[in-house]
Amino acid sequence: QNHSVPVSAKPVLLQSAAGNAPGLTIENAASYASALAPDSIAVAFGSNLADASSGESTVTVQDGAGFARAATLFYAVPQQAAFLIPAGTATGPAGVTLTSGDGAISTAVVQISAVAPGLFSANANGQGVAAAVAVQGGNASLVFSCGATPLSCSPIPIAVNQTVLELYGTGIRGHSPTGVTCTIGGVGVPVLYAGAQGQNPGLDQMSVSLPASLANQGLLNIVLTVDGHIANTVTIDTGAPAP
């Protein structure tokens, strides 16, 4: 089941995790790691990536097998752009070419894996509280609240009582049948679903059941492993421990 959560391909305008490296840097849009997968969302950092007065930018991904595919572009501003790694892109090295509307060309080589799991955070920086929904029966609520300024999202304590946690990410859907595991606060939790979210291109959803033992344990780390690849760590708050 899908619920409303403010997750999109457009994060807060951030500097690349790679720092001020020259040229084009491309990362997972959820985790900001270099790992990418087919049908996953990528974010690019550079300069002259868009010129609003000269038309839209375009992105092409050419894989190691020699196939060049046009990528869906979610948005582009001069220093940052987000796009979808095309489905069918072969694993291994791939060349990405981003052409601005004014003809400026930026290129990079990325590594494509079958899976490259990343989890979206509420602050859109790959850290802190998860961009997630807690579902109890027919009721669904966000696990975070946000102020008016960037990076102001903080966790909302959630009740753990027959609760399903819906997490959102990218690079997960290509997993093997038994390749997805998750721990919360170091405790293994049942994974009910891990795959395409179904409404937004490149967006994946993972639903896990929260055991009662996690109640009133405070801030807990969520660690997702997909076919041996570990996603970025995000958190939830299950309430203050009892005195």
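The values are calculated or read from the model by the stated rules, or taken from the named source; none is laboratory data. Predicted model only: the values in this text are computed from it and were never measured. Note that each Cβ is placed from the backbone with ideal geometry, even for glycine, and that neighbours are counted across all protein chains shown. Accessible surface areas use protein heavy atoms only, side chains included; no ligands, DNA or RNA. Shrake-Rupley method; radii C 1.70, N 1.55, O 1.52, S 1.80 Å.
Summary of values
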{"item": "Projected area, mean over directions - region 48-170, Cα convex hull, nm²", "result": "10.2"}
{"item": "Counted charge near Gln205, where neighbours are those whose Cβ lies closer than 15 Å (Asp, Glu -1; Lys, Arg +1)", "result": "-2"}
{"item": "Hypothetical label at Gln127: residues of region 144-159 whose amide nitrogen lies under 16 Å (7 Å Cα-Cβ projection)", "result": "150-155"}
{"item": "Amide hydrogen neighbours beyond the local backbone of Ser31, cut-off 5 Å, H modeled", "result": "Leu119"}
{"item": "Nonlocal amide H pairs with Gln79, under 5 Å, H built at 1.01 Å", "result": "Leu49"}
{"item": "Vicinal HN-Hα couplings computed from phi for region 63-68 (Karplus, 6.51 cos²θ - 1.76 cosθ + 1.60; Hz; Gly/Pro x)", "result": "8, x, 7, x, 8, 9"}
{"item": "Calculated from backbone phi, Karplus (6.51, -1.76, 1.60) coupling profile of region 127-142 in Hz, x at Gly/Pro", "result": "9, x, 5, 5, 7, 9, 10, 9, 10, 10, x, x, 9, 10, 9, 5"}
{"item": "Cα Rg, Dmax (largest Cα-Cα span) when computed across region 63-103, Å", "result": "11.4, 31"}
{"item": "Pair-distance profile P(r), taking every C-alpha pair of the chain, with 10 angstrom steps and integer %", "result": "8, 32, 33, 18, 7, 1, 0"}
{"item": "Karplus 3J(HN,Hα) series, Hz, for region 146-152 with 6.51 cos²θ - 1.76 cosθ + 1.60 (x for Gly, Pro)", "result": "10, x, 7, 9, x, 6, 9"}
{"item": "With every protein chain in place, region 45-188: carbon and sulfur % of accessible area (1.4 Å)", "result": "53"}
